[in-house]
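Participant: Okay, here's the structure, questions in a sec.
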Amino acid sequence: MGRQFFVGGNWKCNGTTDDVKKIVSFLNGADVPSEDVVEVVVSPPFVFLGLVKSLLRSDFGVAAQNCWVRKGGAFTGEISAEMLVNLNIPWVILGHSERRLILNESDEFVSDKVAYALSLGLKVIACVGETLEQRESGSTMAIVSAQTKAIAEKVSNWDNIVLAYEPVWAIGTGKVATPAQAQEVHFELRKWLKENVGHEVAASVRIIYGGSVNGANCKELAVQPDVDGFLVGGASLKPEFIDIIKSAT
Ligand code: PEP
């Protein structure tokens with residue numbers, strides 16, 4: 001069976017209650033391909049998770065944008081994986097480049113988070129990606145495979161992981177990877193999984209692309225054989241997110 005297309009919307013640290021209601025309203029009114037064709041998951045800021053969950057159509061899922069690395073406790077300002085489970089939030093984004101680079105989350109820290117979240121039954125969108133400097137120095141694959149290796153060392157079951165390839169130079173910059181650039185890295189990541197984790201995992205894990213995806217460029221990216229969907233930032237706040245969901249077909 002083919003891999004189900006996946007479209008995630010990362011709302012980042014944006015919005016007010018009114019904005020959130022507006023976004024949910026255009027999502028709820030949209031005519032999109034059925035769930036067996038495309039899985040849609042939106043990721044509002046923590047404070048709006050409950051509101052979004054209560055208003056959002058039932059065929060779309062909800063993700064948190066982060067969670068704490070271990071069991072909750074005396075970690076001021078953090079949100080634990082247990083809390084997400086308690087609130088019935090099925091997904092969490094981990095290892096986003098904004099957290100890796102701005103908040104100094106290491107490969108090891110991210111992989112500990114992935115393993116802990118999975119152990120509690122959460123599904124994880126795990127992000128990897130190189131900076132412009134790393135791409136220009138020819139180390140793209142070394143970087144993304146090291147980030148993936150860190151996860152692979154702590155995880156034995158990949159059923160609940162979606163791997164998001166998000167080149168840092170393309171995030172929020174309007175500079176999208178060409179379809180060929182995205183396909184090349186996705187192909188190499190799948191090859192890495194095949195050689196280091198196993199054929200079945202490589203064949204079934206969804207590898208999605210993120211970095212300035214919008215309504216105009218999504219189609220040519222979506223047809224690449226190893227691009228199984230998108231993680232969308234800026235455009236996920238706008239009605240063009242629906243066009244991105246529709247690029248699944
Ligand atoms: C992201 O932050 O995951 C992202 C891909 O952002 P944008 O689509 O705005 O580049």
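The values are calculated or read from the model by the stated rules, or taken from the named source; none is laboratory data. Computed from a prediction, not measured in an experiment: that's the story for all the values here. Don't worry about glycine lacking a Cβ; one is built from the backbone with ideal geometry, like all the others, and counts go over all protein chains shown.
Participant: Filter segment 151-196 for residues that are within 15 Å of the ligand (Cβ to nearest atom), assigned to a helix (DSSP H, G or I) and either of a type in the set (K, R) or without any contact (Cβ under 8 Å) to a residue 24 or more places away in the chain (or both) and give the result.
Facilitator: Q181 - this is the single residue of segment 151-196 that is within 15 Å of the ligand (Cβ to nearest atom), assigned to a helix (DSSP H, G or I) and either of a type in the set (K, R) or without any contact (Cβ under 8 Å) to a residue 24 or more places away in the chain (or both).
Participant: While we're looking at this one, here's another question. If you go through segment 198-218, how many residues are more than 12 Å from the ligand (Cβ to nearest atom) and either among the aliphatic types (A, V, I, L, M) or within 25 Å of V24 (Cβ to Cβ) (or both)? Spell out the reasoning first.
Facilitator: Quick first cut of segment 198-218, residues more than 12 Å from the ligand (Cβ to nearest atom) only: 198-207, 216.
Those still in the list that are either among the aliphatic types (A, V, I, L, M) or within 25 Å of V24 (Cβ to Cβ) (or both) too: 201-203, 205-207, 216.
Residues in segment 198-218 being more than 12 Å from the ligand (Cβ to nearest atom) and either among the aliphatic types (A, V, I, L, M) or within 25 Å of V24 (Cβ to Cβ) (or both): 7 in total.
Participant: What do you reckon, is A117 part of a helix (DSSP H, G or I) and touching a Cys at 6+ places or on another chain (Cβ under 8 Å)?
Facilitator: Criteria met by A117.
Participant: Considering only segment 150-160, state which residues are over 15 Å from D107 (Cβ atoms) and surrounded by fewer than 21 Cβ atoms within 10 Å (Cβ to Cβ).
Facilitator: Once the filter is applied, which keeps residues that are over 15 Å from D107 (Cβ atoms) and surrounded by fewer than 21 Cβ atoms within 10 Å (Cβ to Cβ), segment 150-160 yields S156, N157, D159, N160.
Participant: Now, a different point. Which numbered condition trips up S80, out of (1) under 30 Å from L55 (Cβ atoms); (2) touching a Gly at 6+ places or on another chain (Cβ under 8 Å); (3) within 16 Å of the ligand (Cβ to nearest atom)?
Facilitator: (3)
Participant: Does V62 fit the bill of being under 18 Å from the mean Cα position of the chain (by Cα) and at pLDDT 95 or above?
Facilitator: On the way: under 18 Å from the mean Cα position of the chain (by Cα): yes; at pLDDT 95 or above: yes.
Criteria met by V62.
Participant: Continuing with this model, one more query. What are the pairs with Cβ atoms under 9 angstrom where one residue, in segment 10-25, is in a helix (DSSP H, G or I) and the other, located anywhere, is within 16 Å of the ligand (Cβ to nearest atom) and among the hydroxyl-bearing types (S, T, Y)? Sequence gap at least six, or different chains.
Facilitator: Close Cβ pairs satisfying both conditions: I23/S236.
Participant: Within segment 26-43, work out how many residues are among the hydrophobic types (A, V, I, L, M, F, W, C), more than 19 Å from the chain's Cα centre (by Cα) and outside any helix (DSSP H, G or I).
Facilitator: Result for segment 26-43: 2.
Participant: Could you count how many residues in segment 206-220 are touching a residue at least 40 places away in the same chain (Cβ under 8 Å) and either within 21 Å of I161 (Cα to Cα) or part of a loop (DSSP other than H, G, I, E, B) (or both)?
Facilitator: Here the count works out to 8.
Participant: Yes or no: K113 surrounded by fewer than 23 Cβ atoms within 10 Å (Cβ to Cβ) and of a type in the set (K, R)?
Facilitator: Spelling it out, it is not the case that K113 is surrounded by fewer than 23 Cβ atoms within 10 Å (Cβ to Cβ) and of a type in the set (K, R).
Participant: When you go through R135, R100 one by one, which is the residue that is away from the ligand (no atom under 15 Å from the Cβ), of a type outside the set (A, V, I, L, M, F, W, C), buried (at least 18 other Cβ atoms within 10 Å of the Cβ) and assigned to a helix (DSSP H, G or I)?
Facilitator: Of the residues listed, the single one that is away from the ligand (no atom under 15 Å from the Cβ), of a type outside the set (A, V, I, L, M, F, W, C), buried (at least 18 other Cβ atoms within 10 Å of the Cβ) and assigned to a helix (DSSP H, G or I) is R135.
Participant: Return the only residue of G129, G95 being within 15 Å of the ligand (Cβ to nearest atom) and touching a Pro at 6+ places or on another chain (Cβ under 6 Å).
Facilitator: G129
Participant: If you scan segment 1-31, which residues turn out to be out of contact with any strand residue (DSSP E or B) (no Cβ under 9 Å at 6 or more places or on another chain) and within 15 Å of P44 (Cβ to Cβ)?
Facilitator: The answer is C13, N14, G15, T16, T17, D18, D19, V20, K21, K22, S25, F26.
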